[in-house]
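J.: Pasting in a structure now, in structure tokens, and then I'll have a few things to ask.
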Amino acid sequence: MIACLGRIVQDTDADSIPDDDVSTLSESLGLQGTIESGGITGVAGKDFGGLYSVKPLALIKPSGSEDIARVVNAASRTSHLTVAARGNGHSINGQAMADGGFVIDMRSTEENHFKPLTIDGSHYIDVSGGALWEDVLKRCVSMFRLAPRSWTDYLSLTVGGTLSNAGVSGQAFRFGPQTSNVTELEVVTGKGEITVCSETQNSELFFGALGGLGQLGIITRARVKLQPAPDMVRWIRVVYTEFEEFTRDAEFLVTQEEGESFDYVEGFVFSNSDDPINGWPSIPLDPDHEFNPAYIPQTAGSVLYCLEVALHYRNSDRPSTVDTAVSRLLERLGFIQRLKFQLNVSYVEFLLRVKQAEEHAKANGNWDSPHPWLNIFISKSSIVDFDRTVFRKMLKDGVGGPMLIYPLLRSKWDSRTSVVLPEGEIFYIVALLRFVPKGSTVEKLVAQNHEVIKWCNKEGLDFKVYLPHYQSKEDWKRHFGNQWTRFVERKTSFDPMAILAPGQKIFKRTHIIQP
């Protein structure tokens with residue numbers, strides 16, 4: 001097998017492996033799944049970000065964990081081959097690519113696991129790492145009237161992909177990120193070992209893989225916590241002119257007990273203009289409702305703020321009961337009273353709300369354009385300064401897409417995972433979800449992202465990049481801070497030759513990992 005692998009690697013270009021060599025390689029690896037040649041134009045050589053492209057040696061479509069382990073073991077017997085797990089290709093900076101290496105298409109494993117369990121009276125679902133969250137949602141709700149507790153805003157992402165980062169949305173203030181809502185994983189490590197892990201079994205791998213950026217292992221199965229799924233959602237947006245009032249109300253809502261607040265809390269910044277993408281028209285939830293700028297005070301600045309909340313309810317609940325609950329919560333908030341927008345939608349429709357935006361973006365050609373997105377965790381102590389300079393000045397005209405900002409609670413995150421956070425109990429996620437407008441260059445928008453990060457560093461803000469991408473080990477050390485040593489030790493234990501996730505550019509492929 002290794003002789004065959006070596007011959008193919010040496011004698012062929014990664015951009016075009018002959019069909020007969022692909023067949024030979026597949027037989028040599030003993031795969032139950034399939035293998036395809038790589039190539040810069042193929043799916044494995046690009047991602048959603050559209051900023052990078054590479055030439056993988058081959059795209060592997062495994063039948064399951066055993067195939068993935070065979071590929072990793074084969075790579076370990078070479079001096080240079082790497083392996084990257086690709087979920088739905090939604091990374092931004094080439095994190096799921098392997099230049100000259102193997103890319104594992106995790107989507108081919110999506111049907112391998114789907115098993116409900118009840119343990120000590122609590123409900124769980126075992127799902128494949130390659131399953132899409134949107135499919136997990138639909139099946140759990142339709143079959144069991146249950147659903148996972150924590151989500152991302154966009155659900156066409158794989159289970160293993162989001163768990164390798166964190167997975168956050170408007171429910172994370174209550175239940176924590178998705179990494180806080182799994183109790184067991186099956187992982188293929190960089191040693192090619194298939195390992196089941198949990199808080200009490202192989203715990204270093206369990207916590208290390210969660211938020212571990214794919215560096216320690218490839219998640220092939222996850223046991224996810226479930227809860228009863230509501231039927232309907234009252235979806236609401238309210239508008240603020242002052243950042244301090246917006247953050248005060250958002251922080252109030254996320255620090256209340258369950259039953260004393262909304263079930264979902266997010267927010268975003270938008271331009272105080274009639275720009276259809278970045279301004280007032282982006283706020284109404286119903287196309288029949290228009291945003292009337294006459295209600296905006298004359299004292300308003302260059303940007304405005306929208307608090308987005310939702311309340312779950314049952315079909316059996318009386319409308320008056322839902323109205324009363326919503327009114328009770330809203331009356332404590334200081335938004336512009338005449339700039340309130342609301343809509344009743346099903347629970348599944350609400351969670352799949354970004355799917356509609358995806359369909360519109362595909363229809364007008366924006367979905368396939370580059371996406372120089374930037375996601376940052378910023379501590380409460382730094383968020384006012386960030387707003388004053390970044391939102392009100394640098395980005396006052398918008399970014400061609402949503403500029404999300406909402407608070408999260410550190411106590412809902414497990415410090416044993418590989419995720420790194422800013423200090424303090426309350427911190428904010430800021431997501432600049434850029435869609436490249438016509439006439440703009442990607443380079444200019446990427447440069448603006450760099451300018452934002454450079455300014456944060458210069459001013460000494462307490463922040464961490466979420467879904468990070470750095471080019472140097474020094475930057476990675478700075479990112480992990482006092483958790484760097486722990487991260488390196490875990491890497492050494494579970495992927496000593498640095499075979500996995502080369503697109504993250506944290507460690508270099510070697511036979512013996514060096515701290």
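J.: Taking only protein heavy atoms and a 1.4 Å probe, what accessible area per residue, in Å², does the chain have with all protein chains in place? Numbers along the way, then the final one.
T.: Working: 21350 Å² over 515 residues.
Computed with neighbouring chains in place, this is 41 Å² per residue.
J.: Per 10 Å bin, what percent of the C-alpha pairs of the stretch 427-515 does each bin hold, from zero upward?
T.: 13, 38, 27, 18, 2
J.: Calculate how many DSSP beta bridges within the chain are antiparallel, expressed in % of all such bridges and rounded to the nearest 5.
T.: Details: 74 of 82 bridges.
The answer is about 90 percent antiparallel.
J.: GluC sites (Glu not before Pro) within the stretch 166-202: which are DSSP loop residues with at most 16 other Cβ atoms inside 10 Å? Show your work: numbers first, answer last.
T.: Values: sites: E184, E186, E193, E199; in loops: E193, E199.
Here the GluC sites (Glu not before Pro) that fit, given the DSSP loop and packing criteria, are E193, E199.
J.: Then there is this: Which log10 I(q)/I(0) values, to two decimals, does the stretch 397-441 give at q = 0.22, 0.31 Å⁻¹ under the Debye formula with one point per Cα?
T.: Evaluating at q = 0.22, 0.31 Å⁻¹ gives log10 I(q)/I(0) of -0.78, -1.12.
J.: A further question follows. Could the peptides 67-74, 384-391 be put in order, highest first, of the mean number of other beta-carbon atoms found within 10 Å of their residues?
T.: Working: 67-74: 23.2, 384-391: 18.0.
Descending packing order for the listed peptides: 67-74, 384-391.
J.: Could you please state how large a percent of the accessible area of the stretch 373-504 is carbon and sulfur, counting protein chains only and using a 1.4 Å probe?
T.: On the way: 2930 of 5690 Å².
Carbon plus sulfur share of accessible area: 51 percent.
J.: Let me ask another. Across all directions of projection, what mean area in square nanometres is found for the Cα convex hull of the stretch 219-263? Walk me through the numbers on the way to the answer.
T.: Values: hull surface 23.2 nm².
Mean shadow area of the hull around the Cα atoms is 5.8 nm².
J.: Here's another thing I want to ask about it. Which entries of K225/K505; K412/K491; K191/K458; K340/K396; K61/K454; K138/K412 have Cα-Cα distances beyond 29 Å here?
T.: Numbers: K225/K505 32 Å; K412/K491 25 Å; K191/K458 40 Å; K340/K396 22 Å; K61/K454 40 Å; K138/K412 26 Å.
Long pairs (Cα-Cα over 29 Å): K225/K505; K191/K458; K61/K454.
J.: Could you please state how large a percent of the accessible area of the stretch 109-228 is carbon and sulfur, counting protein chains only and using a 1.4 Å probe? Don't jump to the answer; show the numbers that get you there.
T.: Numbers: 1680 of 3700 Å².
Solvent-exposed carbon and sulfur of the stretch 109-228 make up 45 percent of the total.
J.: Separate question: Taking Rh as the Kirkwood radius, which is the inverse of the mean 1/r over Cα pairs, what is the Rg/Rh value for the stretch 109-228? Each step should come with its number before you reach the end.
T.: Values: Rg = 13.1 Å, Rh = 14.0 Å.
Reported Rg/Rh, Kirkwood definition of Rh: 0.94.
J.: Quick one, can you get me the convex hull of the C-alpha atoms of the chain expressed as volume per residue in Å³? Could the numbers behind the result be given before it?
T.: On the way: hull volume 75.0 nm³, N = 515.
That works out to 146 Å³ per residue.
The values are calculated or read from the model by the stated rules, or taken from the named source; none is laboratory data. Note that the structure is a prediction, hence the values are computed from the model and not measured. With ideal geometry, Cβ positions are generated from the backbone for all residues, glycine too; neighbour counts draw on all protein chains shown. When the accessible area is computed, the model is the full protein with side chains, heavy atoms only, and any ligands, DNA or RNA have been set aside. Shrake-Rupley method; radii C 1.70, N 1.55, O 1.52, S 1.80 Å.
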